[in-house]
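These notes are about the structure you will find just below.
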Number of protein chains: 2
Amino acid sequence: MKLYLAGPDVFLPDATKIGKIKQELCAKHGFAGLFPLDNEFMPDTRVTLSKAIFDGNVAMLEDADAVIANLTPFRGVSADVGTAFEVGYAFARGKPIFGYSNVKGDYLARVHQTIGKSVAMGEDGRPYAADGQAVENFGRFDNLMVAEALLANGSDVVKPEADVADVLRDMAAFERCLQIADAFLKRSRRVSAVR
Amino acid sequence: MKLYLAGPDVFLPDATKIGKIKQELCAKHGFAGLFPLDNEFMPDTRVTLSKAIFDGNVAMLEDADAVIANLTPFRGVSADVGTAFEVGYAFARGKPIFGYSNVKGDYLARVHQTIGKSVAMGEDGRPYAADGQAVENFGRFDNLMVAEALLANGSDVVKPEADVADVLRDMAAFERCLQIADAFLKRSRRVSAVR
């Protein structure tokens, strides 16, 4: 089974090393890990590098049986938008999505902590942040469109119980996702074998 | 033709009014505008409100012929992740995506301005931000997965030429997207009629 390893890991200076570590952990759990591209290759000269990376990642997503997404907040209160795009793509293609964040806590608490809390509750019953915009209050770790795509297969996001020292590289939650994906995919195979 | 109106507009205190303005502009250009949900309805008691909103938005995306996404940066340097999810979903379902941002300028400049610029160029040839992570340098307005999904149908993101007073509510770029979508969809209908 092939897993697409979505996440902002590609932006790390040691992205190649991190990709290898993730692929080795995948292999340990019986999976092949497909690590997305950022700028590792020279494209066909008729297309831009940006388009070549996009096409390459979409082809890998198509090839994958499931996705493990690193949804750790990236340059803001939420996950990396490239990763969110890929979660949406995979969901639309019926692929199970598993995900983790190396930052504990809910979206509402994080927005209030990062952006600041609005003094008053909105007239619409929604909590607001200091930026004057509402904050989703569903006990989810991020925007509900991303959160519910994971919950759709019964696997909630994996979060650390305590603060993680290196949120960009810690592999404990990633490895927990691999265990969850393994159990889920074995279960689905048994169900489809019975049918 | 139906357009799904993706964007963080749902988080505005006047979201209902903004949704109506967008739907009226859609109607003016011959479209039906499908405005996403945030918390406007009471779901079936067997599911959570979060799940009901997710399912409702996915059903509207399926129903839509194309998407217009508000990709104005939201609580960080990038677009709203819920919107990025929806762009990914729509792209996977083969629906043309049009988009706008009410903030001018490229992703690289915005990251350097917001996060801070790293002094040195990376050894990998990529520019870095002060957070120690690489920044895509493809002249796009945001992460390439989102940017290329728009370019795939030949329609680049619409951005303002000058600073916009109310980036959360200005409709000029949205209306430009409607014109682009109208021209694109008329052209595709002509092409499919010829075939």
Helices (runs of 4 or more DSSP H) (entirely within the range B:96-195) containing at least 2 residues that are buried (at least 16 other Cβ atoms within 10 Å of the Cβ) and of a type outside the set (A, V, I, L, M): B:107-114, B:172-194
Any residue that is facing chain B (nearest Cβ under 7 Å) and touching a residue at least 40 places away in the same chain (Cβ under 8 Å) - is there at least one of those in the range A:103-125? no
Among the residues of the range B:62-90, what is the count of those that are among the charged types (D, E, K, R) and either at the interface with chain A (Cβ under 7 Å from one of its Cβ atoms) or surrounded by 22 or more Cβ atoms within 10 Å (Cβ to Cβ) (or both)? 3
Tell me yes or no: at least one residue of the range B:129-137 is over 23 Å from A:V167 (Cβ atoms) and either at the interface with chain A (Cβ under 8 Å from one of its Cβ atoms) or of a type in the set (D, E, K, R) (or both). no
Looking only at the range A:91-98, decide whether some residue is of a type in the set (F, W, Y), facing chain B (nearest Cβ under 8 Å) and within 30 Å of A:F174 (Cα to Cα). yes
Would you tally the residues in the range B:38-61 being within 8 Å of chain A (Cβ to nearest Cβ) and either at pLDDT below 70 or part of a loop (DSSP other than H, G, I, E, B) (or both)? 3
Hits in the range A:163-195 - residues which are farther than 19 Å from A:P96 by Cα, at pLDDT 95 or above and β-branched (V, I, T): A:V164, A:V167
For the range A:168-185, which residues satisfy the criterion of being closer than 16 Å to A:A27 by Cα and not acidic (D, E)? A:M171, A:A172, A:F174, A:R176, A:C177, A:L178, A:Q179, A:I180, A:A181, A:A183, A:L185
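The values are calculated or read from the model by the stated rules, or taken from the named source; none is laboratory data. A quick note: this is a predicted structure, and the numbers were derived from the prediction, not measured. Quick reminder, even Gly has a Cβ in these numbers, built from the backbone with ideal geometry, and neighbours come from all protein chains shown.
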